[in-house]
Amino acid sequence: MIPAGGAGSRLWPRSRRASPKHVLPLSGTGAPLVREAYERVRQVAQEVFVLTEQRQVSLIRGLVPGLDRAHMIVEPAARGTTNALGLAALSLLERDPDAVMVSLAADHVIRGAGAFRAAIRRAADIAARSGKLVTVGLKPRYPATGFGYIEAGAEVRIGRSAAFEVRRFEEKPDLKTATGYVQDGRHYWNLALFCWRCDAFLEELRHHAPRHYNGLKRALAARLRGDEAEAARIYGRLPVEAVDYTVLERSDRLLLIPAAFNWVDVGSWSDLADLLRHDAAGNVVEGDPVLIDTRGSFISVPDKMVAVIGMRDVVVVDTPDALLVCPKSRAQDVKKVVEALGRAGKTKYL
């Protein structure tokens, strides 16, 4: 199950409502991120579904060859990951009462496909055998302040596989805290990569978030009898909350398995700059700019000449109707621009 919603506001002005992050070719291969995610799991899954909102259906089908309408689970509108994953689990359970679902993001970049698929197989095996909810984590390579973390507890054995009980989820930390997480050996990056038996997840959803569960049941029942308008009305009234808060942080059935593939969230322009090929001065360049005494910068101006002089560690991203200039160190704050545009009613830029 590949959730493909949202817009990726930290990659504005390239990522917009009409061209969200997961449909952009950001990894350097030339393929949209959602297509890469789809192709990455085809070899390991019996079936691959994309979970998206109604207004993105045509866009995603046009970008992912081989994806038919029967393998899209469609939200009437984006209403947060609790509702999205609950709808997915209920929909799959209608097809297969023993369904095991792996949920993985549409907008991450993965290197090391073999290690990635091995982690997926291991997570699915543990979830099927144990009835637990399973998340995959990576040991942090550096003290990232833009990622969430998961603290691991005691080791448990499921068949021949080892996993760890989850003590707690941690929010995006400050630098001092993140440095401690790297050093203590107990913390893992939260990849939003989950696996569970659909019936097990729905038991936890019913217990910890009954309003979501009951509303989703009513919405799906309306959809199955062909009343899409009623389904959309019910779905649109559900609270918007992240599944981390409603279920995962409250569940005592959550396990973590460590993995060893390379992963990039591409959550900001500075993250993308670190991923792509640099020139001798450490610049990542899209277009044909003139750079004079400029180092460590990300310059994406594909359609016009731009000259950059005497700059260090800056981001310059140009589109037909918007231009972004900021220090790399403030790349996470691009989201504030999107929020300011929304408050000002300048929706044409969103």
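The values are calculated or read from the model by the stated rules, or taken from the named source; none is laboratory data. Here the structure is a predicted model, which means the values were calculated and not measured. We place every Cβ from the backbone using ideal geometry, glycine too, and count neighbours over all the protein chains shown.
Of the candidates Leu24, Leu33, the single residue that is under 30 Å from Ala322 (Cβ atoms), of a type outside the set (Gly, Ala, Ser) and surrounded by fewer than 23 Cβ atoms within 10 Å (Cβ to Cβ) is Leu24. Candidates Leu254, Leu238, Leu205: the one that is touching a residue at least 24 places away in the same chain (Cβ under 8 Å) and touching a Phe, Trp or Tyr at 6+ places or on another chain (Cβ under 8 Å) is Leu205. Residue check: Ile110 meets all listed conditions (1) under 23 Å from Lys328 (Cα atoms); (2) not in a strand (DSSP E or B) but one, namely (2). For the stretch 51-73, a residue qualifies if it is within 18 Å of His212 (Cβ to Cβ) and either buried (at least 23 other Cβ atoms within 10 Å of the Cβ) or in contact with a helix residue (DSSP H, G or I) (Cβ under 7 Å, 6 or more places away or on another chain) (or both), and the qualifying residues are Leu51, Ile73.
Within the set Ala106, Ala113, Ala152, the sole residue that is under 26 Å from Ile60 (Cα atoms), aliphatic (A, V, I, L, M) and in contact with a Gly (Cβ under 9 Å, 6 or more places away or on another chain) turns out to be Ala106. Of everything in the stretch 10-21 that is under 23 Å from Asn83 (Cα atoms) and crowded, with 20+ Cβ neighbours inside 10 Å, the residue that is farthest from the chain's Cα centre (by Cα) is Arg16.
Considering Asp252, Asp199, the condition of being in a loop (DSSP other than H, G, I, E, B) and either in contact with a Gly (Cβ under 6 Å, 6 or more places away or on another chain) or not basic (Lys, Arg) (or both) is satisfied by Asp252 alone. In the stretch 148-196, the qualifying residues are those that are more than 16 Å from Glu249 (Cα to Cα) and hydrophobic (A, V, I, L, M, F, W, C), and the one that is surrounded by the most Cβ atoms within 10 Å (Cβ to Cβ) is Ala163. Under the condition of being farther than 16 Å from Arg16 by Cα and of a type in the set (Gly, Ala, Ser), the residues counted in the stretch 306-350 number 5.
With the requirement that a residue be within 31 Å of the chain's Cα centre (by Cα) and modelled with pLDDT under 95, what does the stretch 286-299 give you? Before the answer, list the steps.
Step one: of the stretch 286-299, the residues within 31 Å of the chain's Cα centre (by Cα) are 286-287, 295-299.
Hits for the stretch 286-299 are Glu286, Gly287.
Residue check: Arg223 meets all listed conditions (1) without any contact (Cβ under 8 Å) to a residue 12 or more places away in the chain; (2) of a type outside the set (Asp, Glu); (3) exposed (fewer than 15 other Cβ atoms within 10 Å of the Cβ); (4) not in a loop (DSSP other than H, G, I, E, B) but one, namely (3).
Checked against the criterion of being of a type in the set (Ser, Thr, Tyr), outside any strand (DSSP E or B) and closer than 25 Å to Met1 by Cβ, the candidates Tyr181, Tyr188, Tyr142, Tyr213 yield just one match: Tyr213.
Residue under question is Gly6, and the condition is that it be of a type outside the set (A, V, I, L, M), part of a loop (DSSP other than H, G, I, E, B) and either touching a Gly at 6+ places or on another chain (Cβ under 7 Å) or free of Cβ contacts under 8 Å to residues at least 24 places away in the same chain (or both); does it hold? Talk me through it step by step, then tell me what you get.
Numbers: of a type outside the set (A, V, I, L, M): yes; part of a loop (DSSP other than H, G, I, E, B): yes; either touching a Gly at 6+ places or on another chain (Cβ under 7 Å) or free of Cβ contacts under 8 Å to residues at least 24 places away in the same chain (or both): no.
When the stated conditions are applied, Gly6 does not pass them.
Apart from one condition, Ser268 fits all of (1) modelled with pLDDT of 90 or more; (2) hydroxyl-bearing (Ser, Thr, Tyr); (3) in contact with a Gly (Cβ under 8 Å, 6 or more places away or on another chain); the exception is (1).
A quick yes/no check of all residues on (1) part of a strand (DSSP E or B); (2) of a type in the set (Val, Ile, Thr); (3) without any contact (Cβ under 8 Å) to a residue 24 or more places away in the chain:
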| residue | (1), (2), (3) |
| --- | --- |
| His278 | no, no, yes |
| Ser300 | yes, no, no |
| Val316 | yes, yes, yes |
| Leu323 | yes, no, no |
| Ala331 | no, no, no |
| Val337 | no, yes, no |
| Gly345 | no, no, yes |
